[in-house]
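Working notes, beginning with the structure itself.
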Amino acid sequence: MAQVLLLFGGRSSEHEVSCASAVSVHDALIESGHRVIPVGIDRDGSWYLADTSSRPFRAEGRSVQLNVPNGTLRVGSDEIEFDVAFPVLHGPYGEDGTVQGALETCGVAYTGCGVLGSALAMDKDLTKQVVASKGIATAPWLTIRRKEWDADPSVCLNEVSRALGYPVFVKPSAQGSSVGISRVSSDAELKEAVAKAFRYDSKAIIEQAVTAREIEVGVLDGPMSSVPGEVVVADGWYTYDAKYRDDSSSFEAPARLSKEASKRVRDLAEQIFELLELTGLARIDFFYEIGTRRFLFNEVNTLPGFTSISGFPKVWMASGLTYPELCDRLVDAAMSRHDERGKLAVR
């Protein structure tokens with residue numbers, strides 16, 4: 001069994017979600033027989049050896065340093081050995097290729113997607129461009145940048161009315177957990193929503209609202225897809241509060257789809273996993289249009305919510321894989337990929 005460096009917390013707006021996810025991953029890894037070294041990253045980017053008696057975990061404790069480029073982990077004068085890193089860092093500075101790049105520089109094995117896949121999947125606009133270029137349907141969208149908006153908002157407003165119409169969703173291009181997202185139905189609301197999105201990113205997307213069910217598919221190396229799951233929202237749309245702070249929504253796995261529809265969306269998920277050069281794991285989200293019964297690609301999460309009640313573990317449990325087995329498989333896959341990379345010529 002491996003010694004696993006569990007990284008959680010982070011500098012993003014999803015810090016609290018990560019701290020909750022880390023508890024479930026920690027316990028599952030322990031149950032699988034691994035030794036776990038829990039290291040929390042606070043909002044300023046400092047690393048700490050965490051006390052696992054606090055639940056959810058907190059990014060506090062004895063100071064930790066990961067030395068670059070030799071990859072040694074030090075707590076004070078002590079050096080702690082580990083075999084593989086397991087990042088549970090949602091959002092920017094963790095899910096976007098930054099931590100993955102640091103681990104690559106140190107020659108450290110780690111779970112999940114690499115630098116390229118992580119960075120690409122984090123940017124909703126670029127992900128949509130790549131997926132759409134291969135003929136995979138997605139909800140119509142426009143991209144705006146802060147400097148363009150500041151120069152002349154009317155150009156964007158006119159384009160939204162012409163190309164998309166209302167209602168639309170406004171989203172920061174590189175965020176997760178519905179942070180910074182708004183549903184708007186007028187020019188006045190759009191101005192407020194764009195300002196909100198630009199709090200988190202210098203690029204935003206404006207996406208046409210569709211009448212559809214929200215379907216999620218988990219994918220592991222292979223690629224191998226899970227049964228689809230479905231987000232069931234009682235009212236409105238899947239906000240941050242609906243995900244984490246109240247019980248106004250639920251998640252069903254498997255989703256109530258025909259065998260043909262289930263196979264179709266799983267095939268699409270596996271295709272997108274390979275298209276975006278993803279490795280390790282991803283949750284790939286779709287809209288299932290009510291009228292047309294076609295799947296529209298929505299987005300990719302390379303480090304999805306990982307609590308025991310999150311969608312990603314649930315679709316795998318519905319596929320016959322227990323939570324500890326899922327975490328154990330991710331560790332084994334990470335070490336195998338690391339060994340394969342080590343065989344490549346570098347000079």
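Coordinate-derived values only; no laboratory data. Here the structure is a predicted model, which means the values were calculated and not measured. Cβ atoms come from the backbone with ideal geometry, glycine included; neighbour counts cover every protein chain shown.
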Residue list for region 192-233, given a label point 7 angstrom along the Cα-to-Cβ vector of residue 162 and an amide N cut-off under 16 Å: none
For the chain, size of Cβ-based charge dipole, Lys and Arg +1, Asp and Glu -1, in debye: 580
Fully extended contour minus Cα-Cα distance, from residue 277 to residue 16, at 0.36 nm per residue: 91.1 nm
Separation in nanometres of the label points that stand 7 Å from Cα toward Cβ, at residue 290 and residue 199: 3.1
Inverse of mean 1/r across different Cα pairs in region 184-238, Kirkwood, Å: 14.4
Centroid-to-centroid separation of region 304-335 and region 140-191 [C-alpha atoms, Å]: 35
Sorted by Cβ density within 10 Å, fewest first, the residues 288, 110: 288, 110
For residue 109, distant residues with modelled amide H under 5 Å away: 85
Dipole of the chain, positive direction: furthest Cα of 33, 200, 87, with charges on the beta-carbon: 200
More than 28 Å apart - percent of Cα-Cα pairs taken over the chain: 42
³J(HN,Hα) computed for each position of region 76-82 - Karplus, 6.51 cos²θ - 1.76 cosθ + 1.60, integer Hz, glycine/proline x: x, 8, 8, 9, 9, 7, 8
Lys pairs, the chain - Cα-Cα below 20 angstrom, 8 or more residues apart or on other chains: 22
Relative packing of peptides 251-263, 204-216, 8-20, 159-171 - highest average C-beta neighbours within 10 Å first: 8-20, 204-216, 159-171, 251-263
Residue-by-residue Karplus 3J(HN,Hα) for region 24-37, coefficients 6.51, -1.76, 1.60, Hz, glycine and proline x: 5, 5, 3, 5, 5, 5, 4, 4, 7, x, 7, 8, 10, 10
Length added when fully stretched, residue 341-residue 189, from 0.36 nm per residue minus Cα-Cα: 49.8 nm
Mean ellipticity per residue at 222 nm, deg cm²/dmol - from DSSP H runs of n ≥ 4 across the chain, formula -39500 (n - 2.57): -10500 deg cm²/dmol
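In debye to the nearest 20, how big a dipole does region 1-87 give about its Cα centre with +1 on each Lys and Arg Cβ and -1 on each Asp and Glu Cβ? Please list the in-between numbers first.
Details: 7 positive and 12 negative charges, 22 e Å.
It works out to roughly 100 debye.
Sorting 98, 279, 52 on the 10 Å Cβ count, fewest up front, what's the list? The partial results should precede the final answer.
Values: 98 18, 279 22, 52 14.
Neighbour counts put them in this order, fewest first: 52, 98, 279.
Cα-based Rg of region 21-131 per 2.2 N^0.38 Å, rounded to two decimals?
Details: Rg = 14.9 Å, N = 111, 2.2 N^0.38 = 13.2 Å.
Cα-based Rg divided by the globular estimate yields 1.13.
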Size descriptor, Kirkwood hydrodynamic radius, that averages inverse alpha-carbon separations across region 249-347, Å: 15.4
